[in-house]
Amino acid sequence: MSWTYSGRPGTTNQSSRIDAVRHLIGDTDQSDQQIQNEEIIFALSQGSDDVYAAAAISARAIAARYGRLVDTAVDQTGISAKYSQRQKTYHDLSTELEKQSRKYGSVGLGMPDAGGLSLSEIRSVEEDPDRVPSMFTVNELLVESRDDTRDW
């Protein structure tokens, strides 16, 4: 497992995308490493190389790790470690990064896909024998009789 941060976040190559994810989640201090490069690479692959989506995935993973730790306190000295606060911080950060992914990211999380935008795609879907028949049709005869070269 490795941890790197060059301070040059970007989107042009894998190294700059790793730096971008680290920058977005605040994991830039080598003495307080939160997530490994390989975990960021996995998050990037899950988020289609969208650094905001990968940062949200990474922040959730860190939140999950801190969520497993128990808050501790030392009675006489008053020193305590509040892992639940760190967990909440990373969880809130992941939610904010998901919003940023939808706004600024290249892919977005949960964005709808518009299909059936070409005549060939519509025909292909309609001719699929395994497809459940549509309950709604609009001018079915008109669509079938249209000339494919016509601009509409």
Checklist outcome for this item: Within segment 6-34, residues surrounded by 16 or more Cβ atoms within 10 Å (Cβ to Cβ) and touching an Asp or Glu at 6+ places or on another chain (Cβ under 6 Å) come out as 9, 34
Checklist outcome for this item: Conditions (1) more than 18 Å from residue 102 (Cβ to Cβ); (2) part of a helix (DSSP H, G or I) -> residue 7 fails only (2)
Item to check | Complete set of residues in segment 91-113 that are under 10 Å from residue 53 (Cβ atoms) and either at pLDDT 75 or above or not in a loop (DSSP other than H, G, I, E, B) (or both) | outcome: 97, 98, 100, 101, 102
Next on the checklist: So the check is Cβ under 6 Å with 6+ separation or different chains; which pairs have a first residue in segment 114-138 that's assigned to a helix (DSSP H, G or I) and a second one that's surrounded by 10 or more Cβ atoms within 10 Å (Cβ to Cβ) and at pLDDT below 75?
Outcome noted: 122/116
Item to check | Of all residues in segment 33-77 being of a type in the set (Val, Ile, Thr) and not in a helix (DSSP H, G or I), the one that is modelled with the highest pLDDT | outcome: 35
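Residues checked against (1) out of contact with any Ser or Thr (no Cβ under 7 Å at 6 or more places or on another chain); (2) among the aromatic types (Phe, Trp, Tyr); (3) touching a residue at least 24 places away in the same chain (Cβ under 8 Å):
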position: 20; (1), (2), (3): no, no, yes
position: 29; (1), (2), (3): yes, no, no
position: 42; (1), (2), (3): yes, yes, no
position: 53; (1), (2), (3): no, no, yes
position: 57; (1), (2), (3): yes, no, yes
position: 60; (1), (2), (3): no, no, yes
position: 68; (1), (2), (3): yes, no, no
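The values are calculated or read from the model by the stated rules, or taken from the named source; none is laboratory data. The model shown is predicted, which means the values in this text are computed figures rather than measured ones. As a convention, Cβ positions derive from the backbone with ideal geometry for all residues, glycine included, and neighbour counts pool all protein chains shown.
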